[in-house]
Ligand SMILES: C[S@@+](CC[C@H](N)C(=O)[O-])C[C@H]1O[C@@H](n2cnc3c(N)ncnc32)[C@H](O)[C@@H]1O
């Protein structure tokens, strides 16, 4: 069963709230496609990329185009500049590809990003600091974009325990 889209992704897509027919979104490191399907249901054409063939084959929709690629290999980055209206990254971090990500967003297009922050290693996985954002780091990585919303949150309740950093910004 496909997991539900994150509340942050829902919030950002509602905030963008522009007519989405003919708009193209890229779901990077898409996993089993929960956000690809959400974006597709909201009218986007979606390119879904992941390294894992098994995850990619676990979902299908007419307006979702799935690509198996290693997005961390800077020499084989598969996208041209200014291709996407929205790029979405959740629960994945490689600082080195931010330049590529920004380059692939159209002018006035959006970046939606959400992943784990430092301190999360005490609550769950990932524990490797390479995969954990430092305080304000997401702001620095997107400094050349226009900030719309940003938050660093710690959630500990009966259902979930995590620290996440989240941003919505625009390529102006
Ligand atoms: C924690 S999952 C997140 C999946 C999805 N974004 C979500 O939030 O439901 C991380 C994903 O990154 C993918 N991944 C890891 N390294 C990758 C790489 N070098 N290139 C492409 N995808 C990669 C994994 O296969 C996995 O599906």
Q: Just rank 143, 35, fewest to most, by other beta-carbon atoms within 10 angstrom.
A: 143, 35
Q: Based on other C-beta atoms within 10 Å, arrange 30, 169 from fewest to most.
A: 169, 30
Q: Measure off 7 Å from each Cα along the Cα-to-Cβ vector at residue 123 and residue 7, then give the distance between these two points in nanometres to one decimal.
A: 1.2 nm
Q | Relative contact order, percent, the chain [alpha-carbon distance under 8 Å, six or more residues apart] | A | 17 percent
Q: First check a/c for the chain, with a ≥ b ≥ c the square roots of the eigenvalues of its C-alpha gyration tensor; if it is under 1.5, answer rounded, and if not, answer prolate when a/b is larger than b/c or oblate otherwise.
A: rounded
Q. For 50, 62, 85, what ranking results if the residue with the fewest other Cβ atoms within 10 Å of its Cβ goes first?
A. 62, 85, 50
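FYI, it's all coordinate maths here, none of it is from the lab. Values in this document were obtained by computation on a predicted structure and should not be read as measured data. Glycine also receives a Cβ, built like all others from the backbone with ideal geometry; neighbour counts cover every protein chain displayed.
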